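Engineer: If you scroll down you'll find the structure; I have some questions about it.
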There are 2 protein chains.
Amino acid sequence: MQSTAQIVSIRARESGCAECAFRGECVACGEGGCAPARADEVMVAPKVLHRGDHLFRTSDDFQNIYMVRSGAIKTYVILQSGEEQVIGFHTPGDIVGLDAIESGGHMCNAMVLDTSCICPLRFDQLCRLSQRVPDVQSRLMNRLSRKIVDHEALLLILGQKTAEQRMAAFLLHFSRRQHDLGLSALDINLPMSRADIASYLALAVETVSRVLTRLQDGGLLDVQRNRVRILDLQRLATIAEETLEARPRPSRVARPLH
Amino acid sequence: MQSTAQIVSIRARESGCAECAFRGECVACGEGGCAPARADEVMVAPKVLHRGDHLFRTSDDFQNIYMVRSGAIKTYVILQSGEEQVIGFHTPGDIVGLDAIESGGHMCNAMVLDTSCICPLRFDQLCRLSQRVPDVQSRLMNRLSRKIVDHEALLLILGQKTAEQRMAAFLLHFSRRQHDLGLSALDINLPMSRADIASYLALAVETVSRVLTRLQDGGLLDVQRNRVRILDLQRLATIAEETLEARPRPSRVARPLH
DNA sequence: CGACCGCTTGAGAACCTTCAAGCGGTGTGG
DNA sequence: CCACACCGCTTGAAGGTTCTCAAGCGGTCG
């Protein structure tokens, strides 16, 4: 017993769960910290990956889901034309790879944008564990559900008509994300290229660039390479939220049909 | 024992699991059919709802997820401007309400487009059941994961640049869906309005109308109100898949960064 | 039968894209 | 160590697709 507990705690220490900022949110860990027995089953040693590295590629076998502890990941697919289409950006606290559960193979590529620390979690073990520990099960479900909600929020962003609105919504999303991590909500570092943003928002690179300049000229932002300072959060939010239909016009409100 | 089994089987019969076309896919049922004990815990009597009815509304308490057995549902949110933004369409075999798991409240409204038979499934019971029955757990996970994949596919559609491509992809999606249900892949009934489609695809109503006319003039479709016959599936697929960048041009293929 | 609603069609305007060129930084080879 | 090339980003001009506004058509419901 004693020796087992010791071995296990070494594993937990290796993985650095004790210092992990997302302990409370981790699907494998409980609120009170990571129970060693859990870590032992589910955890693989955390990886440090660098800009340009791939976490996984399309049709790679699905074994792990990946918790981002630091850095940034982008997921993307290659279209028939050979062009790259960015699906999402993943920052600390996010889990990558949830779209592989059903098919058993990854549906996209995951590339590291910025030196990242990634915790692989064995999905089959996670499932087994969640049979015994209701808390783990609900965390897992919650994660999956959150992903769905996030996607729906993104659909709303893409539903925004103008490029300015999409960009504003995108920046605000990052701002809130940073804030939630305890970082500045106004000083954003964008780890992805303009081309990545363009693909993600379904815009041309040139448009992204122009919109950023326009927002800067308007005194809303201070853009310097990938460093964006939000100068007028209020106005940015107004842009993001206002739809073109805000004018007096027969509003297309949802009504019961007949 | 005997009497319990009998009561239970009555419940299962009430819910009509025996004749349900989606028995094999139902999160509550196993491959061999719906185990009565399961149905008893999880199932609520199936509802029949009509055009214009709401299954749930934003911020309604989350208790059930809903399996669509027949008919069609749309989910949408109301934007600040009062305008309606359609999030998704749900046809037989789909599950609605998965986005409420994490927050405990529904994130959108669900309106019936066409007389529908809906199976409410008690989510808390489903979780409890999935603790005991691994098969149920994996079905549930798979469903959540599939939803994520579906959303990503939709993001790709919206990433498609032209209105024609989006429309083609939308129609093909419906076509495949119908085919999977054992119905005709070429004779599609669209239960939603043009405005719904427009909102969903981030286009103007007029554009949706024009694109449909254009596709009809091109001999790809035969459009009659909400009834669409696909005359040239091959060409429709070509339109949907080809990206604008298909021409010889320095391809923006994903490459390792440096 | 009339009004309303959903859909279609037309014309003009607006926004975004495309094509083209130039700038600045980084990395590499001479 | 410097120069050059490459890459990402920006900026400009022209063109195109889609949006907006407006009007008309057809079906449905009261």
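The values are calculated or read from the model by the stated rules, or taken from the named source; none is laboratory data. Everything numeric in this text was worked out from a predicted model, so none of it was measured. Ideal geometry is used to build each Cβ from the backbone, glycine not excepted, and the neighbour counts take in all protein chains shown. Note: accessible area is taken over every heavy atom of the protein model, side chains too, but ligands, DNA and RNA are not part of it. Shrake-Rupley method; radii C 1.70, N 1.55, O 1.52, S 1.80 Å.
Engineer: Just to confirm my numbers, what's the Cα centroid distance between the range B:153-181 and the range A:117-160 in Å?
Structural biologist: A separation of 26 Å, based on Cα centres.
Engineer: Hey, another quick one. Enter the buried accessible area of the A/B pair, total of both sides, probe 1.4 Å, in Å² rounded to the nearest 100.
Structural biologist: 5300 Å²
Engineer: Let me confirm one metric for peptide B:96-104, namely the mean number of other chain beta-carbon atoms within 10 Å of its residues' beta-carbons.
Structural biologist: Mean partner shielding for this stretch: 5.
Engineer: Now, a different point. Starting from the 7 Å offset along Cα-to-Cβ, what nm value, one decimal, do you get for the label separation of B:Gln63 and A:Thr115?
Structural biologist: Here the modelled spin labels are 5.4 nm apart.
Engineer: To one decimal in nm, how far is B:Ala21 from the same spot in the other copies, if labels go 7 Å from Cα toward Cβ? Please give the shortest first.
Structural biologist: In nanometres, ordered from closest: 5.0.
Engineer: Between B:Val205 and B:Arg128, 0.36 nm times their residue separation minus their Cα-Cα distance comes to what?
Structural biologist: 23.2 nm
Engineer: Follow-up. Take each of the peptides A:115-126, B:93-104, B:208-219, average the number of other beta-carbon atoms within 10 Å over its residues, and list them starting from the highest.
Structural biologist: B:93-104, A:115-126, B:208-219
Engineer: Right, here's the next one. Using 1/(1 + (r/R0)^6) with R0 = 22 angstrom and r between the beta carbons of B:Val48 and B:Ala21, what's the FRET efficiency to the nearest 0.05?
Structural biologist: Efficiency, rounded to the nearest 0.05: 0.90.
Engineer: Can I ask one more? Peptide A:130-139: average number of partner chain Cβ atoms within 10 Å per residue?
Structural biologist: Counting Cβ atoms of other protein chains within 10 Å of each residue's Cβ and averaging gives 3.
Engineer: Taking a ≥ b ≥ c as the square roots of the eigenvalues of the Cα gyration tensor of the range A:172-230, is the shape rounded (a/c under 1.5), prolate (a/b larger than b/c) or oblate?
Structural biologist: Oblate is the answer for the range A:172-230, as a/c is 1.5 or above yet b/c matches or exceeds a/b.
Engineer: Round to the nearest 0.05 the FRET efficiency obtained for B:Asp135 and A:Ser193 when R0 = 45 Å and r is the Cβ-Cβ distance.
Structural biologist: Calculated transfer efficiency: 0.55.
Engineer: Using only atoms on other chains, find how many Cβ atoms lie within 10 Å of each Cβ of peptide A:153-163 and report the average.
Structural biologist: The per-residue average across the peptide is 5.
Engineer: Evaluate the relative contact order of the range A:43-156 (contact order divided by residue number), counting alpha-carbon pairs under 8 angstrom at least 6 apart; express in whole percent.
Structural biologist: RCO, the range A:43-156: 36 percent.
Engineer: Once the label point is placed 7 Å from Cα along Cβ, list for A:Asp135 the distances to the corresponding points in the other copies, in nm, shortest first.
Structural biologist: Going from nearest to farthest copy, the values are 3.1 nm.
Engineer: A:Leu233 to A:Leu156: FRET efficiency via 1/(1 + (r/R0)^6), r the Cβ-Cβ distance, R0 22 Å, to the nearest 0.05?
Structural biologist: After rounding to 0.05, the efficiency reads 0.70.
Engineer: Same structure again: Which of the residue pairs A:Lys74/B:Lys74; A:Lys161/B:Lys147; A:Lys74/A:Lys147; A:Lys47/A:Lys74; A:Lys147/B:Lys47 have a Cα-Cα distance greater than 23 Å in the structure shown?
Structural biologist: Distance filter (> 23 Å) returns A:Lys74/B:Lys74; A:Lys161/B:Lys147; A:Lys147/B:Lys47.
Engineer: If amide H atoms are built 1.01 Å from N in the plane of the peptide, which residues on other chains or at least 5 residues away come under 5 Å of the amide H of A:Thr115?
Structural biologist: Under 5 Å from the amide H of A:Thr115 lie the amide H atoms of A:Arg51, each far enough along the sequence or on another chain.
Engineer: Once amide H atoms are placed 1.01 Å from N in the peptide plane, what residues at a sequence separation of 5 or more from A:Leu221, or on another chain, have their amide H within under 5 Å of its amide H?
Structural biologist: Placed amide hydrogens put A:Gln216, A:Leu231 under 5 Å from A:Leu221.
Engineer: Give me the number: length gained by fully extending B:Ile78 to B:Leu181, i.e. 0.36 nm times residue separation minus the C-alpha to C-alpha distance, one decimal in nm.
Structural biologist: This chain segment gains 34.0 nm when fully extended.
Engineer: Between copies, how close do the A:Val44 label points come, placed 7 Å along Cα→Cβ, listed in nm from shortest?
Structural biologist: Ordered by distance, the counterparts are at 4.1 nm.
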